[in-house]
Amino acid sequence: MRPDDVAFLTGLVAEKSGLALSADKVALMESRLMPVARRRGLKGPRELVAAIRGRPSDALIRDVTEAMTVDDTAFFRDTAPFALFRDVVLPQLLERRAATRAFRIWCAAAATGQEPYSLAMILKEAADSLTGWRHEIVATDVSAGMLAKARAGVYSQFEVQRGLPVQMLMTYFTKRDALWEIDPALRAMVRFREFDLRHGLRPLGRFDVVFCRNVLIYFDDETKGRVLNEIRSLMPDDGVLFLGQSETVHGISDGFTPLPDQRGVFRPADGPAPGSPASS
Amino acid sequence: MTSCLVVDPSKVARTVACRFLQALQIETTEAADGGEALAVCEATMPDSVLLDWTPPATDGMAFLTALRRLPGGDRPRVLMCSSRTDPDHIRQAMEAGADEYIMKPFDSEVIRSKFAQVGLL
Ligand SMILES: C[S@@+](CC[C@H](N)C(=O)[O-])C[C@H]1O[C@@H](n2cnc3c(N)ncnc32)[C@H](O)[C@@H]1O
């Protein structure tokens, strides 16, 4: 692709997904766009870009955006949801689960592990208030390749500089050659498992908090609705659901209602309103 | 508009960094070494400094110490950057008063993330 093709594509993806792709990863972009081009009988990425420029269709733009962002993830992605988890959701769990001293968190599309490990770091930093508590982070993904990387917990210099404050890098990672390996104690806090969201969620058990971020976009509305309803059914009434920043349940599932003043965070529609006394 | 002083002996490195920053709507000024950078700060204190500290040049560290002693010199967020990526080096930078640390080479996404990290985006 020529530089202006790349600029056009990064602009398009930024506009559609809010994701800032680096223009320096041209080879990676091309490899992801090749199958999209082929499916449409086009020779390659350049022809694909020409097609979007010539006659932009929503379907084509969506395919291209999705292809370019399939496995994108980052530590503490979008910042705000993780701050909410640390400052509101976790303290609430400590209060509401004081009797059982146990809670479970599920990352439903964990990709290469940055999301569950971000949660593990938050729990680790809150260790003082968690003594005597049992907690589990279950991280699943449909892709065995992604999970293998997640389990290894080894990240490139670029990956550890996206979303991760340098203080946390120093505290929780060890440098091995050019790569950074996560503290085995954090790795032990996360249980990884291969799992396809489209195949019924029952076997996973119950979860107080579910992160199902930036994955529903790959499903049609019916599947989205079914997955959301199943998530609702494995959650207590005071559970919390985190979707991606630009994702919504609106028109797809009436099992959840958005938290006020938060993007992409939901609670069961028939559950207690936030701020109301803890349900037992 | 947020401002950033880019300090790096390499003209090419400064140009690349400035391009990334301008794309984030950050206004840039440049300095080739610590002395020049200090003069800029004495004239107008920037909101942030992207400061190269790659040996053998020791200049970056001396500048950071001097900056923090200037009136108002505690205000700018200092993002140290270096091709040294060993934890000891990073710790030293943080102890000297840097707010963040960027390992070279970096891409535009790393710059965006780090500037967000220190609260400038
Ligand atoms: C864009 S990543 C999202 C990663 C992370 N949740 C985040 O927001 O940063 C999407 C992930 O969804 C996974 N995925 C796609 N279809 C899936 C399915 N049917 N079941 C489970 N995971 C799926 C992909 O393998 C990929 O790792």
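Observations on the model:
- Qualifying residue in the range B:61-81 (condition: within 12 Å of chain A (Cβ to nearest Cβ) and either among the basic types (K, R) or within 21 Å of A:T174 (Cβ to Cβ) (or both)): yes
- Pair list, Cβ under 7 Å, 6 or more apart: the range A:174-187 residue within 11 Å of another protein chain (Cβ to nearest Cβ), other residue of a type in the set (A, V, I, L, M, F, W, C) and surrounded by fewer than 13 Cβ atoms within 10 Å (Cβ to Cβ): none
Yes/no per residue for (1) part of a strand (DSSP E or B); (2) over 15 Å from the mean Cα position of the chain (by Cα):
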site: A:N214; (1), (2): no, no
site: A:E230; (1), (2): no, yes
site: A:G244; (1), (2): no, no
site: A:R267; (1), (2): yes, yes
site: A:P272; (1), (2): no, yes
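- Scope the range A:78-103; condition buried (at least 18 other Cβ atoms within 10 Å of the Cβ), at pLDDT 95 or above and either closer than 21 Å to A:R187 by Cα or within 14 Å of the ligand (Cβ to nearest atom) (or both); matching residues: A:P81, A:F82, A:F85, A:R86, A:L90, A:F103
- Scanning the range B:84-109 for residues that are facing another protein chain (nearest Cβ under 7 Å), farther than 14 Å from A:L169 by Cα and open to solvent by less than 20 Å² (accessible area, probe 1.4 Å) yields B:D107, B:E109.
- Annotation note: of A:D177, A:D221, the sole residue that is on the phi > 0 side of the Ramachandran plot, out of contact with any Asp or Glu (no Cβ under 8 Å at 6 or more places or on another chain) and open to solvent by 70 Å² or more (accessible area, probe 1.4 Å) is A:D177.
- Whichever residue in the range A:196-209 is under 24 Å from A:S246 (Cα atoms) and within 11 Å of the ligand (Cβ to nearest atom) and, among such residues, is nearest to the other protein chains (Cβ to nearest Cβ): A:L197
Residues are listed down the side, and each one gets a yes or a no for (1) closer than 18 Å to B:S108 by Cβ; (2) at pLDDT below 85; (3) more than 14 Å from every other protein chain (Cβ to nearest Cβ):
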position	(1), (2), (3)
A:E15	yes, yes, yes
A:M34	no, no, yes
A:R39	no, no, yes
A:A67	no, yes, yes
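The values are calculated or read from the model by the stated rules, or taken from the named source; none is laboratory data. The structure displayed is predicted, hence computed values, not measured ones. Here Cβ is always computed from backbone atoms with ideal geometry, including for glycine, and neighbour counts include all displayed protein chains. Calculation scope for accessible area: heavy atoms of the full protein, side chains included, ligands and nucleic acids excluded. Shrake-Rupley method; radii C 1.70, N 1.55, O 1.52, S 1.80 Å.
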